[in-house]
2 protein chains.
Amino acid sequence: MNKKAVVLYSGGLDSTTCLAIARSEGFEPYALSFDYGQRHRYELQLARTAAPHAGAVEHRIVQIDLRQFGGSALTTDLAVPRDRSVDSEIPVTYVPARNTVFLSFALAWAEVIGAADIFIGVNARDYSGYPDCRPEFIAAFEAMANLATRAAVAGASLRIHAPLQYLTKAQIVRRGLELNVDYALTLSCYDPTPQGLSCGHCDSCQLRLKGFAEAGAVDPIFYVDGENL
Amino acid sequence: MNKKAVVLYSGGLDSTTCLAIARSEGFEPYALSFDYGQRHRYELQLARTAAPHAGAVEHRIVQIDLRQFGGSALTTDLAVPRDRSVDSEIPVTYVPARNTVFLSFALAWAEVIGAADIFIGVNARDYSGYPDCRPEFIAAFEAMANLATRAAVAGASLRIHAPLQYLTKAQIVRRGLELNVDYALTLSCYDPTPQGLSCGHCDSCQLRLKGFAEAGAVDPIFYVDGENL
């Protein structure tokens with residue numbers, strides 16, 4: 001019998017690849033998405049459609065209201081930066097404590113379904129400089145989680161898997177293609193059109209396009225300025 | 001100028017005392033409550049009324065949907081136990097990963113308002129055996145939080161204060177009375193009547209009544225079976 005794992009799943013390139021990796025390692029993926037007032041709402045619609053195709057045995061979308069705290073371009077009226085050079089500076093698209101909040105909900109669901117494994121598609125190489133994507137953060141969350149739950153008290157140990165952590169975007173794309181991930185059903189853009197076309201200019205689009213280019217593969221999704229720009 | 005602190009605040013005896021302690025230590029309390037589908041909805045109504053009286057400079061109620069995960073008598077149709085002997089076994093009123101989720105939101109708000117301090121009224125003595133009330137859990141959360149945020153990257157250090165951690169319920173009541181906490185505006189019951197009368201028999205009522213009795217004080221709230229039973 002396969003083991004259950006909660007997989008944080010946004011419907012983007014990274015989390016979809018992460019879900020495929022969880023499956024390839026013999027886990028039954030329980031996909032968890034968040035409606036956190038993100039401006040890129042099309043992402044959630046797509047996630048709902050794509051989750052079963054990606055192999056999720058269940059998919060939940062949890063509503064959380066991070067908007068009332070403000071502080072991020074992804075949940076407020078701040079402009080999403082275009083053609084920013086992706087460096088180590090933390091951009092305005094950072095959502096305060098987002099991965100901490102997301103992993104906390106994953107921990108709650110894991111406890112209820114009896115899963116001892118959580119997958120998160122964070123990446124410490126081609127990433128946007130978010131503090132809660134760093135390996136030391138993931139390790140600290142795991143240590144905390146192992147003190148937080150009824151299962152932990154009973155001696156079970158919970159593991160946070162971050163299989164993309166040390167991969168480049170190109171390596172992630174290559175790994176996903178090996179696992180037959182259908183990237184046509186993924187979306188990475190922070191600022192897509194209402195029809196779901198990607199802008200091609202936000203941090204996330206830039207990283208995605210660079211990843212496909214370096215992997216020597218064609219990105220099957222559509223961009224505002226024409227396919228693959 | 002006072003320093004800002006986020007205070008987890010349910011409107012109960014512990015968190016109200018905790019808020020008073022934060023004020024007494026020179027903090028401006030930003031009170032944070034959660035609407036997590038708890039059956040004791042009267043608690044939130046009371047919290048809304050009581051927060052300014054308790055000295056909160058702001059009060060937010062965040063909606064989160066822990067119900068869709070199930071697993072607790074506080075958010076599902078499981079019966080709340082009555083007259084249970086309060087021992088070290090984890091009861092059905094335990095909500096999976098609750099304090100992890102609550103502290104994660106507190107961390108998000110703290111980051112947005114620029115607070116470096118979070119107060120939580122957990123208690124490791126007269127408590128219900130919840131794993132996420134233990135000092136080692138709080139310490140692990142603090143360690144994780146210090147890696148999670150933009151402020152952490154900038155070198156700021158965040159502190160989780162749990163001033164009730166080593167106090168008995170009687171000591172909590174005494175400390176609160178010294179600080180002029182109005183316990184008439186607090187509610188602890190897991191299963192109050194729609195009018196807000198406390199049942200007197202759930203774990204939380206039992207601990208509260210024992211606390212007031214041992215402190216030699218009168219609990220000013222009303223119980224179903226008559227004042228102070």
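Please find, within region B:186-197, the residue that is modelled with the highest pLDDT out of those that are within 22 Å of B:Ala20 (Cβ to Cβ) and touching a Leu at 6+ places or on another chain (Cβ under 7 Å).
Applying the first criterion (within 22 Å of B:Ala20 (Cβ to Cβ)) to region B:186-197 yields B:186-189, B:196.
Checking the rest, the ones that are also touching a Leu at 6+ places or on another chain (Cβ under 7 Å) come to B:186-188, B:196.
Details: B:Thr186: 94, B:Leu187: 91, B:Ser188: 90, B:Gly196: 83.
Per the stated criteria, the residue is B:Thr186.
Take region A:108-136 and flag every residue that is within 18 Å of B:Leu147 (Cβ to Cβ) and modelled with pLDDT of 95 or more. A:Ile118, A:Ile120 - these are the residues of region A:108-136 that are within 18 Å of B:Leu147 (Cβ to Cβ) and modelled with pLDDT of 95 or more. Scanning region B:107-127 for residues that are more than 9 Å from chain A (Cβ to nearest Cβ) and either among the hydrophobic types (A, V, I, L, M, F, W, C) or within 25 Å of B:Ser204 (Cβ to Cβ) (or both) turns up B:Ala115, B:Ala116, B:Ile118, B:Phe119, B:Ile120, B:Gly121, B:Val122, B:Asn123, B:Ala124, B:Arg125, B:Asp126, B:Tyr127.
As a summary of the residue check, A:Thr193 satisfies the conditions (1) within 21 Å of A:Val6 (Cα to Cα); (2) more than 15 Å from the chain's Cα centre (by Cα) except for the one numbered (1). B:Arg159 satisfies every condition listed in (1) under 19 Å from B:Tyr30 (Cα atoms); (2) out of contact with any strand residue (DSSP E or B) (no Cβ under 8 Å at 6 or more places or on another chain); (3) more than 14 Å from chain A (Cβ to nearest Cβ) except (2).
Residue-by-condition table, conditions (1) farther than 20 Å from A:Val7 by Cα; (2) in contact with a Gly (Cβ under 7 Å, 6 or more places away or on another chain):
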site	(1), (2)
A:Ile172	no, yes
A:Glu178	no, no
A:Asp182	no, no
A:Ser198	yes, no
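Scanning region A:21-36 for residues that are among the hydrophobic types (A, V, I, L, M, F, W, C), out of contact with any Asp or Glu (no Cβ under 9 Å at 6 or more places or on another chain) and assigned to a helix (DSSP H, G or I) yields a single hit, A:Ile21.
For region B:60-102: of the residues being touching a strand residue (DSSP E or B) at 6+ places or on another chain (Cβ under 8 Å) and more than 8 Å from chain A (Cβ to nearest Cβ), which is modelled with the highest pLDDT? Only one residue fits best here, namely B:Phe102.
On inspection, B:Arg150 passes the criterion of being under 29 Å from A:Arg134 (Cα atoms), surrounded by fewer than 23 Cβ atoms within 10 Å (Cβ to Cβ), more than 14 Å from the chain's Cα centre (by Cα) and not acidic (Asp, Glu). Here A:Ala140, A:Ala151, A:Ala145 are screened, and the one residue that is within 14 Å of chain B (Cβ to nearest Cβ) and within 18 Å of A:Val7 (Cα to Cα) is A:Ala145. Every condition in (1) farther than 24 Å from B:Phe69 by Cβ; (2) under 15 Å from the mean Cα position of the chain (by Cα); (3) more than 10 Å from chain B (Cβ to nearest Cβ) is met by A:Tyr130 except one, and the failing one is (3). Evaluation of A:Arg175 against the conditions (1) surrounded by 22 or more Cβ atoms within 10 Å (Cβ to Cβ); (2) under 30 Å from A:Ala140 (Cα atoms) shows that the sole unmet condition is (1). Does B:Ala170 fit the bill of being under 30 Å from B:Gly114 (Cβ atoms), surrounded by fewer than 21 Cβ atoms within 10 Å (Cβ to Cβ) and out of contact with any strand residue (DSSP E or B) (no Cβ under 7 Å at 6 or more places or on another chain)? Spelling it out, it is not the case that B:Ala170 is under 30 Å from B:Gly114 (Cβ atoms), surrounded by fewer than 21 Cβ atoms within 10 Å (Cβ to Cβ) and out of contact with any strand residue (DSSP E or B) (no Cβ under 7 Å at 6 or more places or on another chain). All of (1) more than 9 Å from chain A (Cβ to nearest Cβ); (2) within 21 Å of B:Lys4 (Cβ to Cβ) hold for B:Pro135 with one exception: (2).
The values are calculated or read from the model by the stated rules, or taken from the named source; none is laboratory data. Quick caveat: nothing in here was measured; it's all calculated off a predicted structure. Ideal geometry is used to build each Cβ from the backbone, glycine not excepted, and the neighbour counts take in all protein chains shown.
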